[in-house]
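The values are calculated or read from the model by the stated rules, or taken from the named source; none is laboratory data. These figures come from a predicted structure and were not determined experimentally. Positions of Cβ are backbone-derived with ideal geometry, glycine not excepted, and every protein chain shown enters the neighbour counts.
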Amino acid sequence: ELKVEQNPLFLSMQEGKNYTIYCNYSTTSDRLYWYRQDPGKSLESLFVLLSNGAVKQEGRLMASLDTKARLSTLHITAAVHDLSATYFCAVDKMYSGGGADGLTFGKGTHLIIQP
Amino acid sequence: NAGVTQTPKFQVLKTGQSMTLQCAQDMNHNSMYWYRQDPGMGLRLIYYSASEGTTDKGEVPNGYNVSRLNKREFSLRLESAAPSQTSVYFCASRFSPGTNTEAFFGQGTRLTVV
């Protein structure tokens with residue numbers, strides 16, 4: 001059974017600081033996704049990471065994937081209040097034929113950025 | 001371009017009542033999914049449809065049924081609602097798992113069972 005663990009689950013930080021959210025998963029996969037969710041809203045895709053060593057950046061957010069360690073990180077640089085949200089990582093459970101079923105999600109990291 | 005549309009957005013049911021949550025996508029995606037989101041639990045997969053004509057159970061299928069009506073539409077039915085089914089339900093779609101694309105989500109249905 002594929003398990004996806006995020007930490008921390010809750011993070012309160014000040015504007016201007018840097019921090020990293022970690023996402024570990026339990027079985028082989030080279031496809032990992034990061035989503036953002038604002039309170040009461042749907043999920044918005046942030047990053048798609050499809051290979052070992054993949055790195056994607058968008059503004060103050062940077063995501064990376066290490067498939068050997070089964071670890072992805074979401075790094076926040078010089079945080080601003082607008083980045084306050086819940087961030088989820090999700091992993092595809094791969095099958096030998098190359099197919100996959102639904103994404104398995106971590107429990108989410110609730111991020112609050114204070115002035 | 002509406003993306004993934006869910007109806008209704010809110011619903012209150014009494015225990016034992018039935019209802020169907022509707023989902024439609026206009027992105028020509030092959031795969032569609034139903035998730036539930038509960039506080040502190042992330043999103044858990046209820047059922048999915050890898051392609052038109054197929055459906056499979058996910059992590060938490062008990063108490064639910066699904067129908068892939070056509071390529072666009074994937075409905076979720078609660079035959080006899082229970083308070084444990086109080087949750088936010090999200091429908092999602094993507095081209096297919098093999099094409100390495102992310103899933104796109106609807107706006108959610110907030111269901112309360114009393």
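One table, with the values for the structure above:
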quantity: Whichever residue in region B:67-86 is in a loop (DSSP other than H, G, I, E, B) and out of contact with any strand residue (DSSP E or B) (no Cβ under 7 Å at 6 or more places or on another chain) and, among such residues, is nearest to the other protein chains (Cβ to nearest Cβ); calculated: B:Lys71
quantity: B:Asn1 being in contact with a Leu (Cβ under 7 Å, 6 or more places away or on another chain) and at pLDDT below 95; calculated: no
quantity: Some residue of region B:27-45 being at pLDDT 95 or above and either of a type in the set (Val, Ile, Thr) or loosely packed, with under 13 Cβ neighbours inside 10 Å (or both); calculated: no
quantity: Breaking point among (1) more than 24 Å from B:Val88 (Cα to Cα); (2) touching a strand residue (DSSP E or B) at 6+ places or on another chain (Cβ under 6 Å); (3) assigned to a loop (DSSP other than H, G, I, E, B), for A:Lys107; calculated: (1)
quantity: Members of region B:92-114 that are part of a strand (DSSP E or B) and not aromatic (Phe, Trp, Tyr); calculated: B:Ala92, B:Ser93, B:Arg94, B:Thr109, B:Arg110, B:Leu111, B:Thr112, B:Val113
quantity: From the options A:Leu49, A:Leu83, A:Leu32, A:Leu43, residue that is surrounded by 16 or more Cβ atoms within 10 Å (Cβ to Cβ), within 14 Å of the chain's Cα centre (by Cα) and over 30 Å from B:Thr55 (Cα atoms); calculated: A:Leu83
quantity: Residue list for region A:9-39, filter: more than 13 Å from chain B (Cβ to nearest Cβ) and of a type in the set (A, V, I, L, M, F, W, C); calculated: A:Leu11, A:Met13, A:Ile21
quantity: Selection status of B:Thr54, of a type in the set (Val, Ile, Thr) and either without any contact (Cβ under 8 Å) to a residue 24 or more places away in the chain or closer than 17 Å to B:Phe104 by Cβ (or both); calculated: yes
quantity: Region A:58-80 residues that are crowded, with 16+ Cβ neighbours inside 10 Å, paired with ones that are among the small types (Gly, Ala, Ser) (beta carbon under 6 Å, 6 or more apart); calculated: A:Leu65/A:Ala54; A:Leu65/A:Ser72; A:Thr73/A:Ser64; A:Leu74/A:Ala63
quantity: Conditions (1) buried (at least 20 other Cβ atoms within 10 Å of the Cβ); (2) not in a strand (DSSP E or B); number of the one not met by B:Tyr89; calculated: (2)
quantity: Of residues in region B:92-114 being hydroxyl-bearing (Ser, Thr, Tyr) and either away from chain A (no Cβ under 12 Å) or farther than 22 Å from A:Leu32 by Cβ (or both), the one surrounded by the most Cβ atoms within 10 Å (Cβ to Cβ); calculated: B:Thr109
quantity: Counted residues, region A:66-87 - those being assigned to a strand (DSSP E or B) and either under 13 Å from A:Thr20 (Cα atoms) or of a type in the set (D, E, K, R) (or both); calculated: 8
quantity: Qualifying residue in region B:8-23 (condition: farther than 13 Å from B:Val113 by Cβ, within 12 Å of another protein chain (Cβ to nearest Cβ), at pLDDT 95 or above and in contact with a Gly (Cβ under 9 Å, 6 or more places away or on another chain)); calculated: yes
